[in-house]
1. Can you tell me which residues in segment 75-87 are touching a residue at least 40 places away in the same chain (Cβ under 8 Å) and either touching a Lys or Arg at 6+ places or on another chain (Cβ under 7 Å) or surrounded by fewer than 15 Cβ atoms within 10 Å (Cβ to Cβ) (or both)?
2. For segment 75-101, which residues satisfy the criterion of being in a helix (DSSP H, G or I) and modelled with pLDDT of 55 or more?
3. What are the pairs, 6+ residues apart or on separate chains, where a residue within segment 34-61 that is more than 18 Å from Thr21 (Cβ to Cβ) has its Cβ under 7 Å from a residue that is of a type in the set (Val, Ile, Thr)?
4. Counting only residues that are part of a helix (DSSP H, G or I) and open to solvent by less than 30 Å² (accessible area, probe 1.4 Å), which one in segment 26-74 is nearest to Gly15 (Cα to Cα)?
5. How many residues does segment 1-12 contain that are assigned to a strand (DSSP E or B) and open to solvent by 10 Å² or more (accessible area, probe 1.4 Å)?
6. Given the condition of a type in the set (A, V, I, L, M), open to solvent by 30 Å² or more (accessible area, probe 1.4 Å), more than 17 Å from Val91 (Cα to Cα) and free of Cβ contacts under 8 Å to residues at least 40 places away in the same chain, answer yes or no: does some residue in segment 13-24 qualify?
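The values are calculated or read from the model by the stated rules, or taken from the named source; none is laboratory data. Quantities reported herein were computed from a predicted structural model and do not represent experimental measurements. Reconstructed Cβ throughout: ideal geometry from the backbone, glycine too, with neighbour counts over all protein chains shown. We work out accessible area using only protein heavy atoms, side chains counted, and drop any ligands, DNA or RNA first. Shrake-Rupley method; radii C 1.70, N 1.55, O 1.52, S 1.80 Å.
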Amino acid sequence: MPNVIFHRNGETFVGEVKENTNLVVRAGIRQFPYPNFLYGCGMGKCGKCASLIIKGGEHLPEPNWKEKKRLGARIEQGYRLACQLWLTHDVELSQEATPLADIVAPAGAAFGRT
């Protein structure tokens with residue numbers, strides 16, 4: 001089962017998830033990494049779940065069209081949309097910086113959860 005190391009607000013959260021797990025789905029049903037994980041629509045539109053992949057990115061699939069559209073050049077910096085990733089290997093990720101949704105989403109497009 002994949003181990004997840006998650007960084008946010010200067011804190012580190014560690015958990016184990018079942019293989020083929022999506023962190024946004026888990027947070028939505030109040031499992032790790034809830035309540036610390038930022039997410040919104042869960043469909044790749046808002047960008048609120050954008051996360052910097054620190055380790056384990058080589059095991060993730062290539063960015064899909066939703067990630068390319070929402071993240072653009074930030075993909076090259078290591079950002080991915082967590083809602084589009086199903087984990088099969090260990091991963092370390094961060095949402096330390098200003099939420100990417102504040103930078104890339106059109107005004108009013110990012111909704112809801114913090």
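1. Those that are touching a residue at least 40 places away in the same chain (Cβ under 8 Å) and either touching a Lys or Arg at 6+ places or on another chain (Cβ under 7 Å) or surrounded by fewer than 15 Cβ atoms within 10 Å (Cβ to Cβ) (or both): Gln84, Trp86.
2. Ile75, Glu76, Gln77, Ala82, Cys83, Gln84, Leu100, listed by residue number.
3. These pairs meet every condition: Gly47/Val104.
4. Restricting to residues being part of a helix (DSSP H, G or I) and open to solvent by less than 30 Å² (accessible area, probe 1.4 Å), the top hit is Ala27.
5. Summing the residues that are assigned to a strand (DSSP E or B) and open to solvent by 10 Å² or more (accessible area, probe 1.4 Å) in segment 1-12 gives 6.
6. No - not one qualifying residue is present in segment 13-24.
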